[in-house]
1. Condition first: touching a helix residue (DSSP H, G or I) at 6+ places or on another chain (Cβ under 6 Å) and over 25 Å from residue 95 (Cβ atoms). Now tell me which residues in the range 53-80 satisfy that.
2. Filter the range 84-125 for residues that are among the charged types (D, E, K, R) and under 15 Å from residue 297 (Cα atoms) and give the result.
3. Which condition from (1) out of contact with any Gly (no Cβ under 6 Å at 6 or more places or on another chain); (2) modelled with pLDDT of 90 or more; (3) within 29 Å of residue 66 (Cβ to Cβ) is the one that residue 149 breaks?
4. Select from the range 115-146 the residues that are at pLDDT below 90 and acidic (Asp, Glu) and list them in ascending order.
5. Do you know which residues across the range 78-98 are among the hydrophobic types (A, V, I, L, M, F, W, C) and in a strand (DSSP E or B)?
6. Could you tell me whether residue 27 is under 23 Å from residue 135 (Cβ atoms) and over 16 Å from the mean Cα position of the chain (by Cα)?
7. Regarding the range 72-87, can at least one residue be identified that is within 15 Å of residue 105 (Cβ to Cβ), at pLDDT 95 or above and either among the aromatic types (Phe, Trp, Tyr) or under 25 Å from the mean Cα position of the chain (by Cα) (or both)?
8. Here are some residues: 7, 45. Which one is out of contact with any Lys or Arg (no Cβ under 8 Å at 6 or more places or on another chain) and at pLDDT below 90?
Amino acid sequence: MFEGQYGEILCQRSMLLDTWRTNSFKNAIFANVKKGDLVIDFGAGSGILSMFAAQAGAKKVYAIEVDTDTATVLKKNVMKNKLQHIIEIYNGDGEGFNINEKADVIVSEDMGDCLIENKMNYIFLKLVKQFLTDNGIIIPSRQTLYASPAFLNDMHEENIFFNKNVYDLDLSEMIENNSKIRTVYCCDNREVKLYDTKELFTLEKNNFDPNESVISKEIKFHANEDMLINGMLLTWDCLLGKDSNGNDIHLHNFPTRLSSLSKSHSWFQYLLLLNKIEEKVRKNQHVSFHIEIPLISKSTYDDIKYCYNIYS
C-alpha cells in the first residue's frame, strides 16, 4: 500500500487480525479467480490477497507494493509459501507499472478510513482502465461513501470536561476553534447516534473518469426530530463481489460491526467537525452539506474541504 501508516507492517498485522475483512476478500477471490487467470493485486502489503489468488488457480499474479520494507516482507511470505513461481512482485506505486498483457482480475484493498485513501482508489481504477480485459472482474466492484449527521457521546463528555475549571485552571480554549476533521473509532451504536444516512457518491469502473481529480458533492438532510449534533460522520460500504453461492460479499466500516478476533475495526471513521462545538437542529429544519474530496492527494485527511448550513 502507500507510504505511511498503511505501508507499515504493524498496520498490515492489524488488518490480518481482522478475520472478517480477510475472509471476505478470500471468499471473493476464490469465487472469482479461475484456473489460468492473470491477476493484479494493487497495494499488496503482506501479500495475503496475492497468495489467495495463487491458491485459487491464477497462473500469474503481479503484486504491486510501494513500500520497500513491506515489499521485502511480502517477498519472504511468498517464498515461505512456495508461490514465487506464480507471484511476481513490483516495488512501486502502480503508476509506473506496465505489462504487455491484460488481467482477468484486479484486486485491491484500497479503501481507507473515509473510503478515499490518498491516491489508492484513483490509481486502482486507472489500472483497471488500462489493464483489465473487457469481461474482467475487479474486487471490490463497487465502493460507496455515506454521510450522517452524528452525535458522539465521548466528544460531548470531553466538552463538558473542558468547560469546567480543569485542574483549577481555565482550559476552555481546548474546545474552541473546533472546525477540523477528527478520526474516530465508533465500534457500536452505543457510542454514536446517527440521525440519517445518505449516499455521497459511488465509485465503479464504469463511472470512473481519470481526468476527474476532485469529487464534489452536496446532500441535504431533513430533521424528523430535534437533533443535537457534533459532526458529520463518514462511513462506507464496499461490494467485493459474489461468493460461490451467488451471495453478495460486503465490507463496511459502519459502527455496528465488531471483528471476531481483534474485537475492533480495521478502519476508523472520519468525523467532520462543525464550526461550533455542537449544533442544535430543530424538527423540520434542514441541513445542507457540501464536501470536496481529492482523488490524487498525498494526504486525503488534510485536503478534504467541507461546509454546512442549517436552515428552516
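The values are calculated or read from the model by the stated rules, or taken from the named source; none is laboratory data. Worth saying up front: this structure is predicted, and the values here are computed from it rather than measured. Positions of Cβ are backbone-derived with ideal geometry, glycine not excepted, and every protein chain shown enters the neighbour counts.
1. Within the range 53-80, 56 is the sole residue that qualifies.
2. Initial filter on the range 84-125 (among the charged types (D, E, K, R)): 88, 93, 95, 101-102, 104, 109-110, 113, 117, 119.
Within the range 84-125, 93, 95, 110, 113, 117, 119 qualify.
3. If we test residue 149 against (1) out of contact with any Gly (no Cβ under 6 Å at 6 or more places or on another chain); (2) modelled with pLDDT of 90 or more; (3) within 29 Å of residue 66 (Cβ to Cβ), just (3) comes out false.
4. Once the filter is applied, which keeps residues that are at pLDDT below 90 and acidic (Asp, Glu), the range 115-146 yields only 117.
5. Filtering the range 78-98 down to residues among the hydrophobic types (A, V, I, L, M, F, W, C) leaves 78-79, 83, 86-87, 89, 97.
Those that are among the hydrophobic types (A, V, I, L, M, F, W, C) and in a strand (DSSP E or B): 87, 89.
6. Numbers: under 23 Å from residue 135 (Cβ atoms): yes; over 16 Å from the mean Cα position of the chain (by Cα): yes.
So residue 27 passes the test.
7. We begin by selecting, within the range 72-87, every residue within 15 Å of residue 105 (Cβ to Cβ); these are 86-87.
Now narrow it down to the ones that are at pLDDT 95 or above: 86-87.
Those left that are additionally either among the aromatic types (Phe, Trp, Tyr) or under 25 Å from the mean Cα position of the chain (by Cα) (or both): none.
Checked the range 72-87: no residue is within 15 Å of residue 105 (Cβ to Cβ), at pLDDT 95 or above and either among the aromatic types (Phe, Trp, Tyr) or under 25 Å from the mean Cα position of the chain (by Cα) (or both).
8. Values: 45 fails: at pLDDT below 90.
Unique residue meeting the criteria: 7.
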